[in-house]
Amino acid sequence: MNAKRPLIAVLTGAGISTDSGIPDYRGPNGLWQRDPEAPRLVTIGPYTSDPDVRRRSWLMRAEVGALAAEPNAGHRALVDLEQSGLPVRVLTQNVDGLHQRAGQSPRKVLELHGTAQEVQCMRCKVVGPVAEALDRVAAGEPDPACRACGGVLRPRTVMFGEQLDPQVIQQADAVSKACDLFLAVGTSLQVFPVAELPYSALGNGARLIVMNGEPTPFDEVADEVIREPISTALPDLVRRLVARYV
Ligand code: ZN
């Protein structure tokens, strides 16, 4: 009560979506540990030049799509945080769109690695829903081409071998510098440039809370480290923040 309402930046990674059944590709049991060839399927060079890589990439996407993942209590807790009236921004490394599906205002969510919900033609740049492309895969087109120009369709995600959108990273950095509290949820904080965001926050006097199953390089400088499962720990933390500031 009476405390200044803090701007809260929440950085989310794969860990918030694993309870929705979305595999953490990089994790200890992730696809990339089991299939060393898998990263090629999301690397821009092979994807652009090799139809067989694209065919396998579409099969992988169809498999993930078939999981029909739903938002979980962790995603919903961040919606509650926004609806409490506290200023909040979600910076996500995830491409699954589950924050928005849970009810987070799209304008509050910055997708650092793009979105897997849309595809884009690499030639004419037209954008369409991934569901439509996946329907075509299911109907027997192993590598669906752009209907407008015949170009290669790709997901609107940042692939290996590509830079993050500098404008998006700049916005994320600005939010991190402006925030009073930075929550890092379900991210290993080891992949740059995203791993620079907590530095930006700390450098400007923000408090840092790390919530992750595994240790991160920021644990020692964090004000609080939470190891409990995100789908219970995040609702608890949100209740605590709302009780304190609203
Ligand atoms: Zn096209």
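The values are calculated or read from the model by the stated rules, or taken from the named source; none is laboratory data. Here the structure is a predicted model, which means the values were calculated and not measured. So basically every Cβ, Gly included, is an ideal-geometry build from the backbone, and we count neighbours across all protein chains shown.
Sort out which residues of the stretch 104-125 are under 23 Å from MET60 (Cα atoms), away from the ligand (no atom under 16 Å from the Cβ) and not hydroxyl-bearing (Ser, Thr, Tyr), and write them in order of number.
GLU111, LEU112, HIS113, GLY114, ALA116, GLN117
If I ask for residues that are surrounded by fewer than 21 Cβ atoms within 10 Å (Cβ to Cβ) and out of contact with any strand residue (DSSP E or B) (no Cβ under 9 Å at 6 or more places or on another chain), which ones from the stretch 59-71 would you list?
Result: LEU59, MET60, ALA62, GLU63, ALA66, LEU67, ALA68, ALA69, GLU70.
Looking at the stretch 176-202, which of the residues that are closer than 11 Å to LEU112 by Cβ and buried (at least 18 other Cβ atoms within 10 Å of the Cβ) is nearest to the chain's Cα centre (by Cα)?
Here the answer is THR187.
Tell me which of these GLY205 doesn't satisfy, since it passes every other one: (1) under 20 Å from PRO87 (Cα atoms); (2) more than 19 Å from the chain's Cα centre (by Cα); (3) assigned to a helix (DSSP H, G or I); (4) not basic (Lys, Arg).
Of everything listed in (1) under 20 Å from PRO87 (Cα atoms); (2) more than 19 Å from the chain's Cα centre (by Cα); (3) assigned to a helix (DSSP H, G or I); (4) not basic (Lys, Arg), GLY205 misses just condition (3).
Looking only at the stretch 59-78, how many residues end up being within 13 Å of GLN100 (Cα to Cα) and either assigned to a helix (DSSP H, G or I) or modelled with pLDDT of 95 or more (or both)?
Number of matching residues: 7.
Kindly provide the set of residues from the stretch 132-168 that are away from the ligand (no atom under 14 Å from the Cβ), free of Cβ contacts under 8 Å to residues at least 12 places away in the same chain and either more than 16 Å from GLN117 (Cα to Cα) or of a type in the set (S, T, N, Q) (or both), ordered by number.
Within the stretch 132-168, ALA139, GLY140, GLU141, GLN163, PRO166, GLN167 meet the criteria.
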